[in-house]
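See structure below.
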Amino acid sequence: MSDDDRHREKMAKRKAVQDAEVASKKIEKGLLVVHTGPGKGKTTAALGLVLRMLGRGHRVGVVQFIKGAWDTGEAHALQRFGDQIAWHALGEGFTWETQDKARDIAACRNAWETARALMADESIRLLVLDELNIALRYDYLDLDTVVADLRARRPDLHVVVTGRNAKPALIEAADLVTEMGSVKHHFSAGVKAQEGIEF
């Protein structure tokens with residue numbers, strides 16, 4: 001038997017196994033997705049899902065906790081989708097910049113109420129809660145309430161939560177958790193945050 005024939009036979013067997021695996025999956029539901037970890041790319045990955053959902057013609061919501069003070073490329077790009085996206089940058093900047101815990105808590109509570117309203121909006125198919133993990137880490141929001149609200153969302157709504165240090169209760173509630181690792185980062189070598197890469 002030639003190498004080409006062996007390869008073809010191997011791939012035919014692999015395809016049969018893969019097809020059977022795919023055919024065995026029957027459940028369709030809204031997913032709770034968590035992007036966490038110390039590596040760069042958590043929000044970027046969530047925005048990739050936003051783009052995919054918009055490309056399919058669905059309406060998307062984004063609520064940014066903590067973030068909000070920066071003028072970002074993604075905000076400019078997504079505004080071009082008009083009413084197809086509900087974009088809410090409701091943070092007031094990183095906690096070390098605001099240096100006002102009461103103000104940070106008030107901003108996070110306001111952002112959570114906006115998120116709850118978007119969860120109730122049946123036109124929204126995907127909701128990104130950007131940096132919600134940071135708000136939970138600092139106890140700016142009640143973890144049990146947030147997890148209960150996320151579990152009680154309507155069955156077809158996909159929600160993506162981003163930010164470092166995801167709480168165990170949120171990880172337990174999630175359908176998919178991805179931890180972004182940090183292998184190497186240009187910031188450590190003295191390279192500043194750059195337009196189009198960080199914002």
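Points to keep in mind about this one:
- Where a residue in the stretch 185-199 is without any contact (Cβ under 8 Å) to a residue 40 or more places away in the chain and its partner, wherever it lies, is open to solvent by less than 60 Å² (accessible area, probe 1.4 Å), with Cβ under 7 Å and at least six apart: Ala193/Phe199
- From Asp121, Asp100, Asp104, Asp130, residue being at pLDDT 95 or above, over 18 Å from the mean Cα position of the chain (by Cα) and either closer than 20 Å to Val62 by Cβ or of a type in the set (D, E, K, R) (or both): Asp121
- Residue within the stretch 66-81 that is at pLDDT 95 or above, over 16 Å from the mean Cα position of the chain (by Cα) and aromatic (Phe, Trp, Tyr) present: yes
- Any hit, the stretch 109-121, residues being surrounded by 13 or more Cβ atoms within 10 Å (Cβ to Cβ), within 17 Å of Val50 (Cα to Cα), of a type in the set (Val, Ile, Thr) and touching a His at 6+ places or on another chain (Cβ under 6 Å): no
- Among (1) in contact with a helix residue (DSSP H, G or I) (Cβ under 9 Å, 6 or more places away or on another chain); (2) within 24 Å of Pro155 (Cα to Cα); (3) β-branched (Val, Ile, Thr) - the single one Ile105 does not satisfy: (2)
- Tallying residues that are under 15 Å from the mean Cα position of the chain (by Cα), open to solvent by 60 Å² or more (accessible area, probe 1.4 Å) and free of Cβ contacts under 8 Å to residues at least 60 places away in the same chain within the stretch 5-61 yields 3.
- For the stretch 82-97, taking the residues that are modelled with pLDDT of 90 or more and over 19 Å from the mean Cα position of the chain (by Cα), the one that is most open to solvent (accessible area, probe 1.4 Å) is identified as Asp83.
- Residue count, the stretch 162-183 (criterion: in a loop (DSSP other than H, G, I, E, B), open to solvent by 50 Å² or more (accessible area, probe 1.4 Å) and touching a helix residue (DSSP H, G or I) at 6+ places or on another chain (Cβ under 7 Å)): 3
- Which numbered condition Glu198 fails, given (1) in a helix (DSSP H, G or I); (2) open to solvent by less than 70 Å² (accessible area, probe 1.4 Å); (3) over 30 Å from Glu122 (Cβ atoms): (1)
- Tally, over the stretch 139-157, of residues that are surrounded by fewer than 21 Cβ atoms within 10 Å (Cβ to Cβ) and more than 15 Å from Thr36 (Cβ to Cβ): 13
- Any hit, the stretch 124-133, residues being open to solvent by 40 Å² or more (accessible area, probe 1.4 Å) and either closer than 29 Å to Gln79 by Cα or assigned to a loop (DSSP other than H, G, I, E, B) (or both): yes
- Residues in the stretch 62-76 that are of a type in the set (Gly, Ala, Ser) and under 25 Å from Thr178 (Cα atoms) were compared, and the one that is least open to solvent (accessible area, probe 1.4 Å) is Ala75.
The values are calculated or read from the model by the stated rules, or taken from the named source; none is laboratory data. What you see is a predicted model; the values in this text were computed from it and never measured. Please note: Cβ atoms are built from the backbone with ideal geometry, for glycine as well, and neighbour counts cover all protein chains shown. All accessible areas refer to the heavy atoms of the entire protein, side chains included, with ligands and DNA or RNA removed. Shrake-Rupley method; radii C 1.70, N 1.55, O 1.52, S 1.80 Å.
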